[in-house]
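The block underneath contains the structure these notes are about, expressed in structure tokens.
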């Protein structure tokens, strides 16, 4: 049985020298994008290779379904920028060697010219690499040595860059030996797009995860390629807009949550490609499908970045994102895409906030969250009754912790210095500020989490930095580790105050707390001392307040 995935490390010479192998970049792939930074990185790598050493450039992933007596055609699904750059590098080296005019240089230059082409029984001049359609003409003029006087393309700029580097070298033959012999790649062959997707899905590399998303695009656009060229161009343009909208966000999560928002049934990431393949195969219009994906991308970007046109919705989205309630995006995609009234969306976000925060504090399993929000996305009406429907689901006793459980876990929890903790402290501040009707913390990034009793108290360095809290706490100092990260020992400070406050024992800290515009921090000056009992009392008080803020 033939392997579905096969990986081989090889030199550049091996990659290009097999006469009946051809690499094809699909017509719907975006054009050559590498620039001077990437070219310079490659050139520096070449310059730094020691004699007898190899340098690994990365991987190239191809699908190899087409074998015949003439030629083996590989569809490039990842690594096209790398492969294209290597081709341009070799073309520049070839021309530099031939222009040098020495006998050995001419011989090597002509051999490199052969690397640029496939050689079969019936055709000696097939290109080794066929780029995407937007780059093919420019690439052909470079590879076939028919460069026009004026050629305006990124490929030509790359070619010229490497030509300029070679012009400064004294021994082009040695450079050629290094490039074709010491530069290594791993050629990964898979039998189908599905195999390629599953390969990327298993690799823990963010860049590769984008390639896995590209495989979904490849399948969609391979179907679109059967339509008119104008229609294909429009679809490619729309897809690029989708990629720009999703940007640095998790592409695979976006594609998965779109499907969870549209259709009943939860599935794992390794089934994502299969689901999109089925969706594409059953659609009547690729154009309409891609246009709808763009609509989802617009909404998804607004959710993740809290940038809808409604400030009240954005404030709640910031809270959802701080909690880490990304599974709720499945429902939010439906509500926002269908333009549900903004006040109703705010109310739903309040419900999600309470639901997610209570479960997080109580460390409830996340395994059933996808099914819950999938069902909500499918069944929630998009009219005024949506709030009551969502409330009926999210407040089920088997879905959300009770007040008793929530308060108990809130008191015992050790909080980390992260966005979730900062968000919780900010909500406590909002609770205090309600009495003065003024919101003090306009930007969460401008404040820091302050440990009133310092995080470390026993080492010499900590005593020098924070004061002698070990003596200050006396016989209770052994309880430091148990209470230091409890909510009662935490508050918020502006960035400037945080530094000065942490260098003082409590009496000195109080002077800085008094200057703070954050009310719950200013209230710490009411304490005559700060010890374990103080922390326990404040923790108890804040846990009770929390049950009221995130109430059922």
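Projecting label points 7 angstrom from Cα along Cα→Cβ for residue 228 and residue 405 puts them 5.9 nm apart.
Packing order of peptides 325-337, 106-118, highest average first: 325-337, 106-118 (average count of other Cβ atoms within 10 Å over each peptide's residues). Given the choices (i) 26.0, 88; (ii) 24.5, 89; (iii) 30.8, 94, Rg and Dmax of the Cα atoms in Å derived from the coordinates of this structure is entry (iii). What is the angle, in °, between the Cα long axis of helix 369-379 and the longest principal axis of the Cα atoms in the chain? Nearest 10 is fine, range 0 to 90. Once rounded, the angle reads 90 degrees.
Using the empirical formula 2.2 N^0.38 Å as the baseline, the Cα radius of gyration of region 277-346 reaches a ratio of 1.25.
Helix 103-115 axis versus longest C-alpha principal axis of the chain: approximately 70°, rounded to the nearest ten.
Counting only alpha carbon atoms, the long axis of helix 342-361 and the longest principal axis of the chain meet at about 80°. With the highest mean first, a sort of the peptides 257-266, 71-80 on other beta-carbon atoms found within 10 angstrom per residue produces 71-80, 257-266.
Taken over region 507-549, the convex hull of the Cα atoms encloses 64 Å³ per residue. Is region 60-112 rounded, prolate or oblate when judged by the Cα gyration tensor, a ≥ b ≥ c being the square roots of its eigenvalues, rounded requiring a/c under 1.5 and prolate requiring a/b larger than b/c? Since a/c reaches 1.5 but b/c is at least a/b, the shape of region 60-112 is classed as oblate. Normalised by the number of residues in the chain, the mean separation of alpha-carbon contacts (under 8 Å, six or more apart) gives a relative contact order of 12 percent. Rg and Dmax of region 318-439, both derived from C-alpha coordinates alone, stand at 15.1, 42 Å.
Computed across region 110-165, the Kirkwood hydrodynamic radius from all distinct Cα-Cα pairs reaches 12.3 Å.
Packing around the peptides 97-105, 371-379, 542-550, taken as the average count of other Cβ atoms within 10 Å per residue, puts them in this order, highest first: 371-379, 542-550, 97-105. Here region 1-125 is treated as a Stokes sphere of Kirkwood radius computed over C-alpha pairs; at 20 °C and 1.002 mPa s its diffusion coefficient rounds to 131 µm²/s. Principal axis analysis of the Cα atoms in region 204-404 yields extents of 62, 35, 28 Å, listed in decreasing size. Only helices enter the 222 nm calculation for the chain: every DSSP H run of n ≥ 4 contributes -39,500 (n - 2.57), and dividing by all residues gives -17500 deg cm²/dmol, rounded to 500. Stretching the chain fully between residue 18 and residue 126 yields a gain of 37.6 nm (0.36 nm per residue, less the alpha carbon separation). Give me the percent relative contact order of region 272-365, please, defined on Cα pairs under 8 angstrom at least 6 residues apart. The value is 25 percent.
Going by neighbour counts of Cβ atoms within 10 Å, the residues 119, 268 line up, fewest first, as 268, 119.
Taken together, the values in this text are just the output of simple stated rules run on the coordinates, not laboratory data. Since the model is a prediction, treat every value here as computed from it, not as a measurement. Every residue, glycine among them, receives a Cβ derived from its backbone with ideal geometry; neighbour counts consider all protein chains shown.
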